[in-house]
Amino acid sequence: MTTTILTQDSVEFILTADVDWASEYCIDQFLDLCAEFGICPTIFVTHQSDRLKRAFENGEAEAGIHPNFCEGSSHGTAISEVISSVMGMVPSARICRSHRFRDGSDIEMALVDAGIEADSNEVRYLAPNLVAYDIWTGLVRFPVFFEDDVHWQKGGSWDFTDYEEQFFEPGLKVLNFHPFIFALNLADDAGYLEHRKHIGTLTEAAAKSLSNTGAGAASFLRQILAAAKSRGAQFTTVGAALDRYLESGKSC
């Protein structure tokens, strides 16, 4: 992982994933790709997973929390209850991204009280020159540059060459993918809505029959990682970037 301070003339990649209650197979597929490219992703947890527990223990991935503050949440009802539920899964977590990016000053302050230091709770789709910044409630925010389902909502293509130069312009490039979307190489909302009933149960056998065989989120991510490797670009984690941000006097 890179240890440089991000400047206006540099690009820094961070690969993240919102687990969103995905099956062990989905998580395994995502982590396998990360290992193939030598990347330690930051993974925002929604539920107990043996595969993620091993990944965190072995240093294959960094743990963050993905609390669901929406109505009907399995994490609880009150803000404090929701946070306590997910923190119980990964007590060492320092980073948060809320499900559906649910936010507010009350949530931010409760996260700080629970020991969270940073969030990634904002999408700035394909925006140039992104940097981490302070929120008045005490969190440091790492905005998301690219997210798979936002991309299809914006009508984006799945040919990475259409966006390659934007990805390598200076700035913070937090990339967010969902293991279920990745495992099925989904390309649009219709495909997601058709198959989302399989999120928590998807197996290899089912994936073989349900996967999109054309261009989609998985093929796009592989293109990103291949291009980054060919250009010698480095990936870091949110936690490592946060440490550098704090050590540098909040100048990156």
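The values are calculated or read from the model by the stated rules, or taken from the named source; none is laboratory data. Because the structure is predicted, anything quoted here is derived from the model rather than measured. All Cβ positions, even for glycine, are placed from backbone atoms using ideal geometry, and neighbour counts span all protein chains on display.
Tally time: how many residues in the range 173-190 are in contact with a helix residue (DSSP H, G or I) (Cβ under 9 Å, 6 or more places away or on another chain) and over 16 Å from residue 17 (Cβ atoms)? Give the derivation first.
From the range 173-190, those in contact with a helix residue (DSSP H, G or I) (Cβ under 9 Å, 6 or more places away or on another chain) are 173-189; that's our starting set.
Retained after the next criterion (residues that are over 16 Å from residue 17 (Cβ atoms)): 187-189.
Residues that pass the stated criteria total 3.
Tell me which of these residue 1 doesn't satisfy, since it passes every other one: (1) in contact with a Phe, Trp or Tyr (Cβ under 9 Å, 6 or more places away or on another chain); (2) within 28 Å of residue 171 (Cβ to Cβ); (3) at pLDDT 95 or above.
All conditions are met except number (3).
If only one of 142, 160 is of a type in the set (Phe, Trp, Tyr), surrounded by 14 or more Cβ atoms within 10 Å (Cβ to Cβ), at pLDDT 95 or above and in contact with a strand residue (DSSP E or B) (Cβ under 9 Å, 6 or more places away or on another chain), which one is it?
142
Let me spell it out: the conditions are (1) surrounded by 14 or more Cβ atoms within 10 Å (Cβ to Cβ); (2) under 23 Å from residue 117 (Cα atoms), and residue 37 meets all of them except one. Which number is the exception?
Single failed check for residue 37: (2).
What's the total number of residues in the range 139-157 that are more than 10 Å from residue 176 (Cα to Cα) and of a type in the set (A, V, I, L, M)?
2
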